[in-house]
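Student: Below: one structure in structure tokens.
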Amino acid sequence: MTEIKQNHPAATDRYGVNPMYLFRWEDTQNAYVLLYPEGIVKLNQTAGEIIKRCDGEHTVADMVIELQQSFPGDDERVADGVYRFLEVFRAKGWIRRQA
Amino acid sequence: MPKDGSVVRLDGEGKPLWLVLELTYRCPLKCPWCSNPVDFDRCNGNELDTDEWKRVLREGRELGALQLGFTGGEPMLRDDLEELVAEATRLGYYTNLITSGVGLNEGRLVALKNAGLKQIQLSLQSSDRALTDSLIGATAFDLKIKVARMIKSYGFPMVLNVPVFRQNADQTAEILALAEDIGVDYLEFANIQYYNWAMINREELLPTRAQLERAEAAVKAARERLGDRMTIYFVIPDYFEGKPKACMNGWGSIHLTIAPDGAALPCQEARLMTDLAFPTVREHDLAWLWNESPTFRKFRGLDWMREPCSSCSEKETDFGGCRCQAYLLTGDACNTDPACGKSPHHGLVTDAVARAADPARTLKPLVMRTERAARELEREAEHG
Ligand code: SF4
Ligand code: SF4
């Protein structure tokens, strides 16, 4: 059986920001922003907190735990959100799975 | 060149998110579609110096600017470019260099990388050496290809910018293949906007509708083949669509351009409106120019509109099109952009398209961007 490389994030995956993008906090927007050739994305709080942890160090499982601590309440919803967001960000080309 | 169709739609909340510095109008090339003013030599000897540009950079960040373009003319002609890029990086801009490639040797590329330059946009006119060199009035095709590969070898994201006109529209497939071979990240087929030099040469440059349809088909095939590997921008130009472009996301909305002599412009073409005043950064700070200058306030928002725009449901999407085009074609910038099918002046655009496609029309040589041509055009204008 050949193994099919899934596009869905796995708990042990680590992500990094696409090197073409510049991710940082921007005071004048009071938000995290992503800057790239010809574009600007202003990130909402959740997106910013997730991409901040796409640092090649955090695994997806680490991210989930940290975000569940920052946004206590519905743990399952937070976990779902992290997986869903990661998939969207990867599809947009903002982040890449680290080898 | 303003980016038709590739600008992320966003509300700047009144901030000039996009700052463009035209470091010089000087250029070793003679492109007959050049968007610089016809009297481009007006700024010779009058360009802002390094410290003046640095002040613009600082004040731009204070106003919330994030994206920064270094353009011209040919910005490589400024030997303080590396110093300005380093200052911009320190201030937190995403720095883009827009160049013809002439003057970009390996030493300067390394220096720019070290200065923190993020992205390079290189112009290329064709996949054919002889055609390219004749269109730009210089021997530069081989150099451009060499520079393109060098940019990639240093790991810069690269936009290859290809202006589209009749002479190259049928080479779209070849240009796509060349870009793929180079490893370009973004390929932008930029429709010529007919102002300044491009307006002088409009009849010779306008592609035909059939050409554009073939080009679009080639782009579609390439997108399917390449998937995520290369992003391809291609928009059917406003002259053919009956729909105006959402020019600059609205006048004075997110774009601020500083001309070589320090004049603050809502877009790079705005100076063709000779009845507007364009105060410079030598007279005012950037905050005043952006927030208070009557020129920036004039078409900001939607209040300046007349019919058919003022009662149109599209007005918050396209902002009534391009003010410069309305001025240039109808003589009044408050009119609806004639590219719009609802404009009473729309015939000016459709006639131009029909005239350019008429096989019986008299062919004229392209007027190259030279000081001599500028002088002759000036004389013609004076003597009617
Ligand atoms: S369009 Fe051509 S002539 Fe004009 S500034 Fe660009 S490279 Fe130079
Ligand atoms: S009438 Fe004005 S607002 Fe309506 S589509 Fe045309 S340019 Fe846009």
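Student: Checking the structure you have, find out if any residue of segment B:285-296 is without any contact (Cβ under 8 Å) to a residue 60 or more places away in the chain, of a type in the set (D, E, K, R) and touching a Pro at 6+ places or on another chain (Cβ under 9 Å).
Tutor: no
Student: Please work out which one of (1) part of a loop (DSSP other than H, G, I, E, B); (2) within 14 Å of chain B (Cβ to nearest Cβ); (3) not small (Gly, Ala, Ser) is the condition residue A:8 fails and give its number.
Tutor: Only one criterion in (1) part of a loop (DSSP other than H, G, I, E, B); (2) within 14 Å of chain B (Cβ to nearest Cβ); (3) not small (Gly, Ala, Ser) is unmet by residue A:8, namely (2).
Student: Which strands (runs of 3 or more DSSP E) does segment A:21-77 wholly contain that include 3 or more residues that are away from chain B (no Cβ under 14 Å)? Don't jump to the end; show me each part of the working.
Tutor: On the way: elements: A:22-26, A:31-36, A:39-42, A:55-59.
Qualifying strands (runs of 3 or more DSSP E): A:55-59.
Student: A further question on this structure: Any idea how many residues of segment B:316-345 are in a helix (DSSP H, G or I), more than 9 Å from ligand 2 (Cβ to nearest atom) and in contact (Cβ under 8 Å) with a residue 40 or more places away in the chain?
Tutor: 5
The rows are residues; the columns are (1) outside any loop (DSSP other than H, G, I, E, B); (2) more than 16 Å from ligand 1 (Cβ to nearest atom).
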position	(1), (2)
B:33	no, no
B:38	no, no
B:45	no, yes
B:65	no, yes
B:68	yes, yes
B:95	yes, yes
B:101	no, no
B:120	yes, no
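Student: A further question follows. Just need a number here: residues in segment B:172-189 that are part of a helix (DSSP H, G or I) and either within 12 Å of chain A (Cβ to nearest Cβ) or in contact with a strand residue (DSSP E or B) (Cβ under 9 Å, 6 or more places away or on another chain) (or both). Talk me through it step by step, then tell me what you get.
Tutor: Just the residues of segment B:172-189 that are part of a helix (DSSP H, G or I), to begin with: B:172-182.
Still in the list and also either within 12 Å of chain A (Cβ to nearest Cβ) or in contact with a strand residue (DSSP E or B) (Cβ under 9 Å, 6 or more places away or on another chain) (or both): B:172, B:175-176, B:178-180, B:182.
Final tally of qualifying residues: 7.
Student: As an exercise: evaluate residue B:104 against (1) more than 14 Å from every other protein chain (Cβ to nearest Cβ); (2) under 30 Å from residue B:139 (Cβ atoms); (3) surrounded by fewer than 23 Cβ atoms within 10 Å (Cβ to Cβ) and give the number of the one condition it does not meet.
Tutor: Residue B:104 satisfies every listed condition except (3).
Student: When you look at residue B:163, is it surrounded by 15 or more Cβ atoms within 10 Å (Cβ to Cβ), touching a Ser or Thr at 6+ places or on another chain (Cβ under 9 Å), more than 14 Å from chain A (Cβ to nearest Cβ) and of a type outside the set (Gly, Ala, Ser), yes or no? Outline the logic, then answer.
Tutor: Numbers: surrounded by 15 or more Cβ atoms within 10 Å (Cβ to Cβ): yes; touching a Ser or Thr at 6+ places or on another chain (Cβ under 9 Å): yes; more than 14 Å from chain A (Cβ to nearest Cβ): yes; of a type outside the set (Gly, Ala, Ser): yes.
Yes, satisfied.
Student: Please go through segment B:112-131 and give me each residue that is surrounded by fewer than 20 Cβ atoms within 10 Å (Cβ to Cβ) and over 18 Å from residue B:91 (Cα atoms), ordered by number.
Tutor: Within segment B:112-131, B:128, B:129, B:130, B:131 meet the criteria.
Student: Can you tell me which residues in segment B:108-158 are under 17 Å from residue B:68 (Cα atoms) and either within 14 Å of chain A (Cβ to nearest Cβ) or modelled with pLDDT under 95 (or both)?
Tutor: Of everything in segment B:108-158, those that are under 17 Å from residue B:68 (Cα atoms) and either within 14 Å of chain A (Cβ to nearest Cβ) or modelled with pLDDT under 95 (or both) turn out to be B:113, B:116, B:117, B:118, B:119, B:120, B:121, B:122, B:156, B:157, B:158.
Student: Filter segment B:215-255 down to residues that are of a type in the set (A, V, I, L, M, F, W, C), farther than 30 Å from residue B:292 by Cα and assigned to a helix (DSSP H, G or I), then give me how many there are.
Tutor: Just the residues of segment B:215-255 that are of a type in the set (A, V, I, L, M, F, W, C), to begin with: B:215, B:217-219, B:221-222, B:226, B:230, B:232, B:234-236, B:240, B:246-248, B:251, B:254.
If we keep only those that are farther than 30 Å from residue B:292 by Cα too, we end up with B:215, B:217-219, B:221-222, B:226, B:230, B:232, B:234-236, B:240.
Of the ones still in play, those that are also assigned to a helix (DSSP H, G or I) are B:215, B:217-219, B:221-222, B:226, B:240.
Here the count works out to 8.
Student: Has segment B:78-86 got any residue that is surrounded by fewer than 18 Cβ atoms within 10 Å (Cβ to Cβ), closer than 21 Å to residue B:263 by Cα and within 12 Å of another protein chain (Cβ to nearest Cβ)?
Tutor: No, every residue in segment B:78-86 fails to be surrounded by fewer than 18 Cβ atoms within 10 Å (Cβ to Cβ), closer than 21 Å to residue B:263 by Cα and within 12 Å of another protein chain (Cβ to nearest Cβ).
Student: Quick one: residue B:310 ticks every box in (1) near ligand 2 (Cβ under 9 Å from one of its atoms); (2) under 18 Å from residue B:267 (Cβ atoms); (3) of a type outside the set (A, V, I, L, M, F, W, C) bar one, so which box is it?
Tutor: (2) is the only condition that residue B:310 fails.
Student: Continuing with the same structure: Could you list, in sequence order, all residues of segment A:11-26 that are under 21 Å from residue B:229 (Cβ atoms) and either surrounded by fewer than 14 Cβ atoms within 10 Å (Cβ to Cβ) or modelled with pLDDT of 90 or more (or both)?
Tutor: Our first condition is that a residue be under 21 Å from residue B:229 (Cβ atoms); within segment A:11-26, this holds for A:15-21.
A:15, A:16, A:17, A:19, listed by residue number.
Student: Which of the residues belonging to segment B:70-88 are within 16 Å of ligand 1 (Cβ to nearest atom) and assigned to a helix (DSSP H, G or I)?
Tutor: Filtering segment B:70-88 for residues within 16 Å of ligand 1 (Cβ to nearest atom) gives B:70-78, B:81.
B:75, B:76, B:77, B:81 - these are the residues of segment B:70-88 that are within 16 Å of ligand 1 (Cβ to nearest atom) and assigned to a helix (DSSP H, G or I).
The values are calculated or read from the model by the stated rules, or taken from the named source; none is laboratory data. Just so you know, these numbers come straight off a predicted model, no measurement behind them. Don't worry about glycine lacking a Cβ; one is built from the backbone with ideal geometry, like all the others, and counts go over all protein chains shown.
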